[in-house]
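> This is the structure I have questions about; it appears just below.
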Amino acid sequence: MKTGTFVSTCLLLGLIASSGPATAVKPYEITELGTLRGDTYAWDINGSAQVVGVSASSTGYNHAFLWENGVMQDLGTLGGSWSWAYGINASGQVVGSSATGSGEDYEAALWEDGVMRGLGTLGGSGSSARDINDSGQVVGWAYTAGGAQHAFLWEDGVMQDLGTLDGCTSSQAKAVNDSGHVVGHARTPSGDSRAFLWKDGVMTELGTLGGSSGHAYDINDSGQVAGASYTADGDWHAFLWENGVMQDLGTPGGSWSAAYGINDSAQVVGDGGTAFLWENGVMYRISDLIPDDPLSPYFDESRGINDLGQVVGSGYYDKRRCAFLVTPIPEPSALGLLAFASLVAIRCLRRV
């Protein structure tokens, strides 16, 4: 009895010791977030799994929402008929845009502690906030007094005009990291777009994948940028930019792709006809990572990813647009299995 138990335990411990590291991509589970009333889109997620986006409300207009622990909260508006949430930080501050009710003008909005307030403009008639970092810096775009769209950085009640790239007539900021570095795109008079990085007061063009246009959509705290660009062949491809080098991430099977989110582990999400996750040089269809869930084939657009690897986005399901949260399922560690095997061995030895 003792010999048999000892041998079985040793075999189990040996298997654990020789099992090696877990696979790079974990299995995932998917959650449909519900709705305020109609079509729903999820745009961003923070480390506490708070999700923001927009959903058709009981008024018939889109309203910004905050989803947490299964509950979707309508964030209201700045007095107008509609609002939209694009970004959230670790403190649960939410940014987006809202109609003001004054002829349905719209303004960049910040929601915190249950109150939504406008952030102003650059002298023109409208603005929109797209992201907020953990220091409360907000970025987006606003109209100037001259009627041009310019990227802005808002902090402590002051909206700073970030200007635009040389030769461009407009710009939009899409994301800001915790160092205050901003990414977005600027447009030329001909309509081509140029991805940019704004850092220390200087706006720098990031280049393209060989084509005429590019957009930067997100930046992590290491300065890695996710976006999309035309290639020399005229296809629109997701990219990862780092230290002056733009890498083509390919597509999830079709002819096009776009990267919308990146976390501090350089996991990139986006879509190309289906939602994708890119990491360590490999692009995965998210639906392939959730093979047994009937919801997974409907998840066709991923917009944001947090540092836990949780992904948010949307897809068509049940005859409407639905918001989804995709969460990696933790795998048992070798240490945990080792502890379990040791406990089993001790109990078995005590019985003989």
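> For residues that are among the hydroxyl-bearing types (Ser, Thr, Tyr) and surrounded by fewer than 19 Cβ atoms within 10 Å (Cβ to Cβ), tally how many sit in region 299-323.
Summing the residues that are among the hydroxyl-bearing types (Ser, Thr, Tyr) and surrounded by fewer than 19 Cβ atoms within 10 Å (Cβ to Cβ) in region 299-323 gives 2.
> Something else about it: When you scan region 149-167, how many residues do you find that are surrounded by fewer than 18 Cβ atoms within 10 Å (Cβ to Cβ) and either on the phi < 0 side of the Ramachandran plot or outside any loop (DSSP other than H, G, I, E, B) (or both)?
5
> Go through region 249-277 residue by residue and tally those that are in contact (Cβ under 8 Å) with a residue 40 or more places away in the chain and buried (at least 16 other Cβ atoms within 10 Å of the Cβ).
13
> Only one of Asp221, Asp233 is closer than 30 Å to Gly47 by Cβ, acidic (Asp, Glu) and not in a strand (DSSP E or B). Can you tell me which?
Being closer than 30 Å to Gly47 by Cβ, acidic (Asp, Glu) and not in a strand (DSSP E or B) holds for just one of Asp221, Asp233, which is Asp221.
> Another question, then. Within region 102-120, does at least one residue satisfy the condition of being touching a residue at least 40 places away in the same chain (Cβ under 8 Å), touching a Ser or Thr at 6+ places or on another chain (Cβ under 8 Å) and farther than 30 Å from Ala195 by Cα?
Yes, the conditions are met somewhere in region 102-120.
> Hey, can you tell me all the residues within region 198-216 that are of a type in the set (Ser, Thr, Tyr) and within 18 Å of Glu242 (Cβ to Cβ)?
Thr204, Thr208
> Then there is this: Kindly provide the set of residues from region 201-248 that are crowded, with 23+ Cβ neighbours inside 10 Å, of a type in the set (Gly, Ala, Ser) and more than 19 Å from Gly163 (Cα to Cα), ordered by number.
Ala226, Gly227, Ala228, Ser229, Ala238
> While we're here: Would you pick out the residues in region 99-152 that are charged (D, E, K, R) and either touching an Asp or Glu at 6+ places or on another chain (Cβ under 6 Å) or more than 20 Å from Asp221 (Cα to Cα) (or both)?
Glu104, Asp105, Glu107, Glu112, Asp113, Arg117, Asp134
> Cβ contacts < 6 Å: first residue closer than 10 Å to Leu36 by Cα and touching a residue at least 60 places away in the same chain (Cβ under 8 Å), restricted to region 57-68; second residue surrounded by fewer than 18 Cβ atoms within 10 Å (Cβ to Cβ) and not hydrophobic (A, V, I, L, M, F, W, C), any location; separation 6+ or different chain. Result?
From residues that are closer than 10 Å to Leu36 by Cα and touching a residue at least 60 places away in the same chain (Cβ under 8 Å), there are no pairs.
> How many residues are touching a residue at least 40 places away in the same chain (Cβ under 8 Å), assigned to a strand (DSSP E or B) and in contact with a Gly (Cβ under 7 Å, 6 or more places away or on another chain) if we restrict to region 129-148?
Narrowing region 129-148 to residues touching a residue at least 40 places away in the same chain (Cβ under 8 Å): 129-141.
Add one more test, that the residue is assigned to a strand (DSSP E or B), and what stays is 129-132, 138-141.
Okay, now just the ones that are also in contact with a Gly (Cβ under 7 Å, 6 or more places away or on another chain), so 129-132.
Selection size over region 129-148: 4.
> Every residue in region 236-257 that is in contact with a His (Cβ under 8 Å, 6 or more places away or on another chain) and in a strand (DSSP E or B), please. Break it down stepwise before answering.
Just the residues of region 236-257 that are in contact with a His (Cβ under 8 Å, 6 or more places away or on another chain), to begin with: 248-251, 256-257.
Answer for region 236-257, where residues must be in contact with a His (Cβ under 8 Å, 6 or more places away or on another chain) and in a strand (DSSP E or B): just Asp248.
> Considering only residues of region 187-200 that are assigned to a loop (DSSP other than H, G, I, E, B) and hydroxyl-bearing (Ser, Thr, Tyr), which is surrounded by the fewest Cβ atoms within 10 Å (Cβ to Cβ)?
Selected residue: Ser190.
> Does Thr274 satisfy the condition of being touching a helix residue (DSSP H, G or I) at 6+ places or on another chain (Cβ under 8 Å) and not basic (Lys, Arg)?
Answer is yes for this residue.
Bear in mind that the values in this text are calculations on the coordinates, not laboratory data. Quick caveat: nothing in here was measured; it's all calculated off a predicted structure. Methodologically, a virtual Cβ is constructed for each residue, glycine included, from the backbone with ideal geometry; neighbour enumeration extends over all protein chains shown.
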